[in-house]
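What follows is a short report on a single structure.
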Amino acid sequence: QAKTAGKGRFAFFSHELNQLALERQEMEVELQKSIVNNELALHYQPQMCMKTGRLYGLEALARWSHPKFGAVSPGRFIPLAEECGLIGDLSRWALKAACQQMAIWRNKGIDIPAVSVNLSPLNFHDTDLCRLIKAQLEENNLQPSDITLELTESVLLDATPSTMQTLHDIHSMGVRFSIDDFGTGYSSLSYLRKIPIKELKLDSSFVFELEHDGTSQSLSKAVLQIGESLNLDVVAEGIERQEQYAILKKQGYHVAQGYLFSKPLNAVEIERWVIDAQTKMVPSST
Ligand code: C2E
Ligand code: MG
Ligand code: MG
Ligand code: MG
């Protein structure tokens, strides 16, 4: 009897697993369709210069909303895209979309200093990446300094000679790199010597409990010191509360990003947000 119960349970689990596998497969197919049909969207989150209060840049974040699955978070569909070989297409789409949007803003005279695009470590295995970026900049009449590429430490940790070549080619073009989620990756800092970087982004996990946690404060300070000693901009992300902002400001942080200023917004909404913020900053006329 135990045997049959066991068998039944096994059948139950395998049915569940099968369902999961099917849903995943369906999601892969749907994600691919959505990329091809340009059904993903980029949302943009402001990054504020803490010295001047001006806009420093925007981070582009991919959004996928599907009729059946609803809003799928990037935490779910980015790893899926990486696992099923779609991350190349997804990143090409994101780079294109961000460059086109920047061109639209430029043509409208809206002053966005730069847009940051997130790339996956796998994208650097693609030897065409550099050419794609160059083509997008040219097509949209942008300067290399108009875009920043966010990458994580893992890109650098297991960088093959071909990855290093790609990084250097992109840098020679004048496009700059940002190290995302800094402090959560690897303890080796030697890679900071190997590639040309413009900024470090303190991971939000150090910011979440900043007001109540002395260790987080020490670590955020240490990250700032590393950045400053290398002449990099240091961005703190995930700032939700004034108290967190105050601590980071006192420590000397350069750039702030988080819900305290704005959630990521679609292109129309962020445009309004930026214009609004810039109008407020204009000194009152005499
Ligand atoms: P990330 O690049 O570290 O982006 C920051 C994440 O923190 C975003 O989550 C953003 O919405 C969220 N965030 C910003 N401010 C706050 C805050 O004050 N509080 C909290 N709790 N969260 C905040 P999102 O948009 O869900 O993206 C998650 C991750 O997915 C990103 O982390 C990035 O690694 C990846 N991702 C998103 N879009 C793309 C993309 O186009 N390409 C690639 N390769 N990865 C992407
Ligand atoms: Mg990022
Ligand atoms: Mg990230
Ligand atoms: Mg991050």
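The values are calculated or read from the model by the stated rules, or taken from the named source; none is laboratory data. This one's a predicted model, so the numbers in the text were calculated from it and none came from an experiment. Cβ atoms come from the backbone with ideal geometry, glycine included; neighbour counts cover every protein chain shown. Remember, those area values only see protein heavy atoms, side chains included, never the ligands or the DNA or RNA. Shrake-Rupley method; radii C 1.70, N 1.55, O 1.52, S 1.80 Å.
The set of residues in the stretch 179-216 being modelled with pLDDT under 90 and aliphatic (A, V, I, L, M) consists of LEU189, LEU192, ILE195.
LEU122 - would you say it is among the hydrophobic types (A, V, I, L, M, F, W, C), part of a helix (DSSP H, G or I) and open to solvent by 20 Å² or more (accessible area, probe 1.4 Å)? Against the criterion (among the hydrophobic types (A, V, I, L, M, F, W, C), part of a helix (DSSP H, G or I) and open to solvent by 20 Å² or more (accessible area, probe 1.4 Å)), LEU122 qualifies. The residues of the stretch 36-68 that are within 9 Å of ligand 1 (Cβ to nearest atom) and not in a strand (DSSP E or B) amount to a single one, LEU40. Within the stretch 167-181, residues that are in a loop (DSSP other than H, G, I, E, B) sit with their Cβ atoms under 8 Å from residues that are more than 16 Å from ligand 2 (Cβ to nearest atom) and open to solvent by 60 Å² or more (accessible area, probe 1.4 Å), at 6+ positions apart or across chains, in these pairs: GLY174/GLN143. Residues considered: ALA159, ALA71. Of these, the only one that is more than 16 Å from ligand 4 (Cβ to nearest atom), surrounded by fewer than 20 Cβ atoms within 10 Å (Cβ to Cβ) and in a loop (DSSP other than H, G, I, E, B) is ALA159. Screening SER205 against (1) loosely packed, with under 13 Cβ neighbours inside 10 Å; (2) assigned to a helix (DSSP H, G or I); (3) within 16 Å of ligand 2 (Cβ to nearest atom) leaves a single unmet condition, (1). Only one of the numbered conditions (1) open to solvent by less than 90 Å² (accessible area, probe 1.4 Å); (2) more than 16 Å from ligand 2 (Cβ to nearest atom) is not met by PRO264, and that is (2). If I filter the stretch 182-202 down to residues being assigned to a helix (DSSP H, G or I) and touching a residue at least 24 places away in the same chain (Cβ under 8 Å), which single residue comes out as most open to solvent (accessible area, probe 1.4 Å)? Residue satisfying both the conditions and the ranking: LYS194.
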